[in-house]
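Below is one structure; the comments refer to it alone.
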Amino acid sequence: MQVQVYDFNNYTSVYLIGEIDASSSVNVQMTLQDLLNQGKKNIHINCENLEYISSAGLGALMSFVEEINNSNGQMIFSDLKPKVFNVFQLLGLDQIMNIVNNHKDVVTFFEN
Amino acid sequence: MRKFLRNYFFQLLPSFTSWLILFSIELYQNVYDLNRGNILFPIPNYIHDFFYFLFLFFIYQAGKYIVKKEAKPKSLEIIWLIVGFGGTGIIINALSNWIRNIYMSNYSSIFWYNLDKNIGILSNSYFFISLLFVFRQLILFRSNQFKQNSWFYLDFLVCISFFLVFNKYLSIPNYLLAVYFLVCLAFILYLTIHTEWVAYLTFKEKLLGIFFMFVIFIIELSYLFFVNVKYTAGYIFYIEEHLPLSIVYLFTLIYTFFCILVLAFNLPTSSLYELRKLEREAISEINRVFLKSKFDYYEVYQLLIHHGILCAKADFGWIKISQKNEIKLIEIKGLEEKKAYELHKIIEKYWYYQKNKKSFFVGDSKRLSLLKENFSEFESFFATKISTQDKEYGELVLGWKYKNAFEIELHSFLSIICEQSAIAIENKELFKKSISLERYQEQLKIAKDFQEKVLPKVTHIEGFDLHSINQEADEIGGDYLEIYQDEKHIHILIADVAGKGTTAAFYMAELKGMLQVLFPLNLEPFDFIQKLNMAVSKCLANNLFITVNYLKIEKKLKKCQFIRAGHTPILHYIAKENKVLQYQPKGIGLGIIRKLISEKNFEILEFHLKPNDVILLFTDGIIEARNEKNEELGTDILKDWLKNFSSLSATELNYSILEQMMAFTNENKIDDDYTLLTLKVE
């Protein structure tokens with residue numbers, strides 16, 4: 001599992017690559033926490049290459065969503081693979097997270 | 001001495017008694033001789049000789065018995081006794097004879113003559129015969145059948161020699177006697193060469209042995225030269241009188257002389273024996289540490305370096321402990337710490353060239369280009385790893401101030417104790433691990449017992465055929481099932497608690513508690529979920545959530561309300577239309593929104609149940625089971641199965657689905673817990 005971070009003008013993109021299980025979810029959480037500590041409030045998670053996410057990984061993500069909402073930040077997910085999207089939907093995460101199909105829409109999202 | 005006499009009184013009694021009788025007879029006879037014609041009863045000579053024979057015979061038996069009882073092969077106590085008792089007697093006898101020969105031409109009284117002679121006989125016989133048996137013990141040290149047989153024959157020959165007491169009556173021809181003596185000599189010589197016991201003595205013991213043997217040898221010689229200088233009866237009488245003891249005497253004389261030589265020549269080899277002894281002690285001491293239930297690694301290393309240096313006669317040494325990045329040396333002996341570290345760096349480099357060898361030795365360190373002028377004391381060194389097959393614990397390094405200090409034999413000893421230490425350390429670590437594993441399993445068992453009490457059994461509900469299967473992936477599962485009935489309603493709740501192991505069990509317990517409060521309140525589905533969410537959010541750890549399916553059935557009209565909090569959908573087989581519907585209303589898992597949830601987050605699905613309808617509730621363990629191609633089972637396949645098995649009873653339906661699932665996964669391991677609840681309307 002790899003996490004790649006790219007900084008753009010008014011947001012930061014985090015690429016999640018591979019599978020997130022219990023152990024790698026810690027890595028993800030730490031990365032996101034770092035970004036928040038650096039004061040970056042607009043975070044985009046690109047799931048183009050995210051194959052699978054376990055319940056531990058989901059837990060990590062969703063607790064982070066709450067945190068970023070509490071610090072007046074914004075978080076958006078893009079390019080979710082159908083399987084992963086299904087999982088999100090099943091859990092109802094799509095009700096609390098911003099999800100777009102294409103990362104091109106992310107730019108527009110953060111401009112608002 | 002007193003104790004000795006006390007213990008063996010009854011053994012010594014017969015011989016002593018015989019001797020007393022012998023003495024008295026001789027006295028009596030001599031009186032008779034002097035006062036011819038005035039004695040009433042002459043005692044025939046053969047009676048006197050008979051008692052002499054008995055005397056020798058009884059000593060022989062006593063000697064055999066006593067020495068067997070007393071002597072351990074290396075015990076010198078018995079020799080003290082023999083030297084003390086017998087030797088003193090002989091020396092006194094010898095001296096008295098010598099003095100008398102100088103100062104007196106004749107014996108002043110018959111009595112003294114007899115006393116002198118018979119004391120001589122007593123002490124000589126005791127001395128030589130007991131010496132014989134002591135030597136017997138030594139010779140038979142590590143005996144074999146052949147040696148024991150030989151000794152048996154010698155025994156026999158010695159007993160024959162006692163019969164030579166009666167030689168004057170038997171008049172055995174001289175040539176026969178000569179043959180007899182030669183045969184005895186042959187046996188004596190054969191038995192004499194067995195001095196294996198010498199190898200088992202230390203240097204000091206060998207010296208003591210030489211001293212004792214020498215003293216005994218002197219006594220024996222004195223017997224030859226001093227004791228029997230003059231007897232009135234002449235030379236023939238002299239031989240005859242000492243014929244019975246001659247074999248014994250010959251044997252002891254030859255053996256003593258031989259032992260002195262052997263001991264003297266074996267003095268240099270003591271060092272080897274002592275070294276072996278040291279090595280044995282080292283191994284057993286190290287063993288003793290391991291057998292203690294609690295030992296410190298450092299105790300082991302201390303022993304290793306101590307015994308290593310002792311047995312190798314090394315000038316310095318240390319132990320390196322394997323640590324991740326740095327070199328740590330402990331128990332440095334014979335060298336300053338700084339120098340030891342410097343030297344070790346060089347040894348580390350040298351290890352590189354050893355490839356996979358476990359130990360190496362350098363006889364001349366000057367030939368190594370690695371060691372320069374700084375380390376002039378370090379002429380030869382030896383290093384060996386302290387490791388088992390799996391893990392390396394450290395190294396033992398020994399150094400000498402002279403070249404080629406190392407012997408090959410020492411190598412095997414050092415390797416043995418290092419391996420021994422490594423195995424013991426490994427055993428200790430494994431033991432520690434197994435203890436903590438045991439504790440963990442115990443905790444797991446407690447949680448499992450607890451969980452069994454928490455989960456419901458299959459209950460019967462009027463008007464329904466109900467069956468559930470609940471299988472954990474590990475010892476403790478995360479799936480939960482609750483069925484609650486009151487007057488008008490049936491509440492069915494299936495849940496997937498996040499986390500595994502003991503945490504899941506405890507969350508389940510908390511969930512059960514909450515449900516026991518909420519179910520009787522008969523809330524509307526959303527209300528129920530909202531309250532449940534608040535309660536769950538408060539108790540769950542940060543990253544965890546619980547998915548829940550709640551089905552509320554009104555008994556009379558079989559009207560159902562279904563709310564789905566993030567859980568897998570439920571399937572409804574409609575008997576009339578022979579089709580399966582999948583209900584997946586909008587919902588969000590519990591603990592995801594950690595505050596009051598709003599109605600817009602949930603959809604409540606309502607439907608009616610008709611006779612022969614089937615409701616299937618499950619957890620994601622079923623849906624996400626994978627086959628060999630790594631494809632998930634999915635709800636579609638499950639729907640087909642439900643349709644196919646719809647006519648079966650709830651129990652049969654469950655097991656059929658399970659069978660199909662097993663066939664699908666084809667013995668692939670099912671990683672997750674799975675639960676299946678079938679509700680069939682009768």
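Every read-out reported here was derived from the displayed coordinates using simple, explicitly stated rules and does not represent laboratory data. It should be emphasised that the depicted structure is a prediction, and the values quoted were computed from it without experimental measurement. When we count neighbours, we look across all protein chains shown, and the Cβ atoms used for this are built from the backbone with ideal geometry, even at glycine.
Shape class of region B:248-306 from the alpha-carbon gyration tensor: prolate, with a/c at 1.5 or above and a/b greater than b/c. Just grab the label-to-label distance for A:Asn27 and B:Asp296, each label 7 Å out from Cα along the Cβ direction, in nm (one decimal). Here the answer is 4.2 nm between the modelled labels. Semi-axis lengths, largest first, of the ellipsoid equivalent to region B:559-682 are 25, 22, 11 Å, with √(5λ) applied to each eigenvalue of the Cα gyration tensor. Per residue of A:87-96, other chain Cβ atoms within 10 Å of the residue Cβ number 6 on average. Region B:376-435 and region A:96-112 have Cα centres separated by 65 Å.
Sorted on the mean count of surrounding Cβ atoms within 10 Å across their residues, most packed first, peptides B:634-643, B:657-666 read B:634-643, B:657-666.
Would region B:296-338 count as rounded, prolate or oblate if I go by the C-alpha gyration tensor, calling it rounded below 1.5 in a/c and otherwise prolate when a/b exceeds b/c, oblate otherwise?
Cα axes put region B:296-338 in the oblate bin.
Look at the stretch B:543-556: the mean tally of other chain Cβ atoms within 10 Å of its residues' Cβ atoms is 2. When you restrict to C-alpha pairs under 8 Å that are six or more residues apart and normalise by the size of chain A, the relative contact order lands at 26 percent. Here region B:455-681 has an Rg and Dmax of 16.8, 49 Å, counting Cα atoms alone. For region B:267-299 versus region B:482-532, the spacing of their alpha-carbon centroids is 67 Å. Pairs of C-alpha atoms in region B:154-218 farther apart than 19 Å represent 54 percent of all such pairs. Per residue, the convex hull spanned by the alpha carbons of chain A comes to 88 Å³. Neighbour counting of Cβ atoms within 10 Å sorts the residues A:Tyr6, B:Tyr484, fewest neighbours leading, into A:Tyr6, B:Tyr484. Counting 0.36 nm for each residue step from B:Leu170 to B:Lys328 and taking away their Cα separation leaves a gain of 48.1 nm. Charge tally for A:Lys81 (other residues, Cβ to Cβ under 12 Å; Lys, Arg +1; Asp, Glu -1): -3. With a 10 Å cut-off around each Cβ of B:582-591, the average count of Cβ atoms from other chains is 3.
Each stretch of four or more DSSP H residues adds -39500 (n - 2.57); spread over every residue of the protein assembly as shown, this sum gives -18000 deg cm²/dmol at 222 nm.
Scalar couplings 3J(HN,Hα) for region B:275-280, obtained by applying the Karplus form with A = 6.51, B = -1.76, C = 1.60 to θ = phi - 60°, are 5, 4, 5, 4, 5, 4 Hz; x denotes Gly and Pro. Which parts of region A:37-75 would a label at A:Gln4 reach, counting a residue when its backbone N lies under 18 Å from a point 7 Å out along Cα-to-Cβ? So the set is A:44-52. Inter-label distance, B:Lys338 to B:Phe152: 7.6 nm, where each label sits 7 Å from its Cα along the C-beta direction. Listed values for region B:644-659 are Karplus-derived 3J(HN,Hα) couplings in whole Hz (6.51 cos²θ - 1.76 cosθ + 1.60, θ = phi - 60°), namely 5, 9, 4, 7, 6, 5, 4, 5, 4, 4, 4, 6, 5, 4, 4, 4, and x replaces Gly and Pro. Computed across the protein assembly as shown, the Kirkwood radius stands at 37.5 Å (inverse of mean 1/r, all Cα pairs). Along the charge dipole of region B:562-631, Cβ charges K/R +1 and D/E -1, which of B:Leu590, B:Leu605, B:Asn578 sits furthest on the positive end? The Cα lying farthest towards the positive end belongs to B:Leu590.
The ranking of B:Tyr353, B:Tyr153, B:Tyr60 by Cβ neighbour count inside 10 Å, starting from the fewest, reads B:Tyr353, B:Tyr153, B:Tyr60. Evaluated with a Cβ-only charge set (Lys, Arg +1; Asp, Glu -1), the protein assembly as shown carries a dipole of roughly 3520 debye about its Cα centre, given to the nearest 20. From largest to smallest, the equivalent ellipsoid semi-axes obtained for region B:295-431 from the alpha-carbon gyration tensor read 24, 16, 14 Å.
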